[in-house]
Every structure is written in structure tokens, then in C-alpha cells.
1. From a point 7 Å beyond the Cα of residue 95 in the direction of its Cβ, which residues of the range 52-67 have a backbone N at a distance under 14 Å?
2. If r is the Cβ-Cβ distance from residue 146 to residue 85 and R0 is 30 Å, what FRET efficiency results, to the nearest 0.05?
3. Using the Karplus curve 6.51 cos²θ - 1.76 cosθ + 1.60 with θ = phi - 60°, what ³J(HN,Hα) values do you get for each residue of the range 87-96, in whole Hz, with x for Gly and Pro?
Amino acid sequence: MLVAWGNAWTAGHCGLDEVVDALEREHGPQVVTGLPGPADDLPLRHALGELRAGGLTAFRLALPIPGDPLGLTGPAAFNEAAVDAGEAVLVDVPAVPLGLVPGADDRGSSYAGTSWTAYRVAPTAPQTPTLAEAEQALALTLRSTADLLLDLDVAASGPAADEALAGLRREPAGTDLAPGYPPRAHRVAAQAARLAAISRVGLADDGGAITSREADARRSALRDLERAVRRARVAAHNSVAENRSS
């Protein structure tokens, strides 16, 4: 959400208060630690103001997993923290490029929020797909995954999974994108959200697989789908930033 609403803010589609309100409604109070300067543990509103004064131009999403550092630029300390968290935000500030890694901020039984830890990152562009590339890859992967599952006759995953998939068909997938994103980005993000849920359901068990070979093939196909979903989510969130830099 920080990437989408942050980009909407830097483009003038919403105000700073709207950004902070959107994040805090979903994830509780937000603080940022480790920014350059004497202050630490800044409230998100204050931290974003400091970044804007330093020349902030855009936010970019990273969704890395072990073996696939999608969206990361280094150094190693930042990459390791981002992989552990499963996500990070790259902040385009010309003088001091930064990466923010989220973590739980639990200060007592009545407080639950998000703490973003700032790291200095390499001043290089992350290697991520364009929106068009990610959309095409998602469609191709979905087609090949569906064909393989049908060939193996292992698409079924039991009553619990059937119920979850029925719910997905009834409820249109939403997106985390904010004002100012193009319709294509919303379309790709919505499809990615729906397929991410399907992938999670499918990986929860081995479905109707009978042999270990079938189970391995099924898991491999669903992991390919999960990989394409992550790239689609990154491309959709970063599409505004890519348009500004092109």
C-alpha cells in the first residue's frame, strides 16, 4: 500500500494525510526508523515529509523470496532483511536512495502497528518486468499451468479448497492500487490478486495427485504461477514510477 499511495501522492492525486490514513486503517500506526539524520522512530507522516524535502520522486515495490530477489538492488544487509520480510519498498531519492523493510511494531497488548526500517541501497534500477511483459507472462503461465493440471487430473483439492475457489468466483478481486494508476495496472493487479489466492489454495495440499510424480508436477506448476503473480504485482505497482523515468 505504501508504494501505491505514495506514488499517488507524489503525482498529486492525493494528499499526505490520505496516504497515512490509508495505511493506518489497514495496518495500524506507522513509524520509520533509520532515516539519515539525527531523528529516529519518526511517524510515517513526518518521515514522508522529510523524504519529499530530500527530492523524493517515486516508490517501487520489491517482492523477493529466497532464490529470487525480485525488485532488490543491494547491498546484502538490505536484501537479506527484505527476503526475510518477503517485501520491501525502494524510495527514489536522488541524493540517498533508500529501501524500507516492514516489520511488526508491537509495543504492548493494546498497540499493534508497522515499523519500517530504512537502509541505504545501491543507486541502480531494479531488474523488474514492465507492465506489458508481466501481463503477457501471467497469461502464458496461467494457460500452461491450467493445461498441466488438467492433463494430470489433479486440479481438485478437496471440499475446503473448492469452497475457497467458489468464493473467489463470487467476489471480484480488488487491488491495492491508488488514484492515478492506469486501467491496465488495475486489471493486472486484480488478476494477480485472484491468482495469488488460487495459488495459495493449490499449494496447501497435493489435491487429487496420486503419485509423487504427479504431486511434484502440480507443485512445480503452481510455483510457476506464484512467480508470475509476484512479477505482475510488482509491475502493476511500479508502472507509475516506470512511466515517469521513461
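1. 52-57
2. 0.45
3. 6, 7, 10, 8, 10, 7, 10, x, 6, 9
Only the coordinates and a few stated rules stand behind these numbers; no lab work does. Note that the structure is a prediction, hence the values are computed from the model and not measured. Note that we place each Cβ from the backbone using ideal geometry, even for glycine, and neighbour counts take in every protein chain shown.
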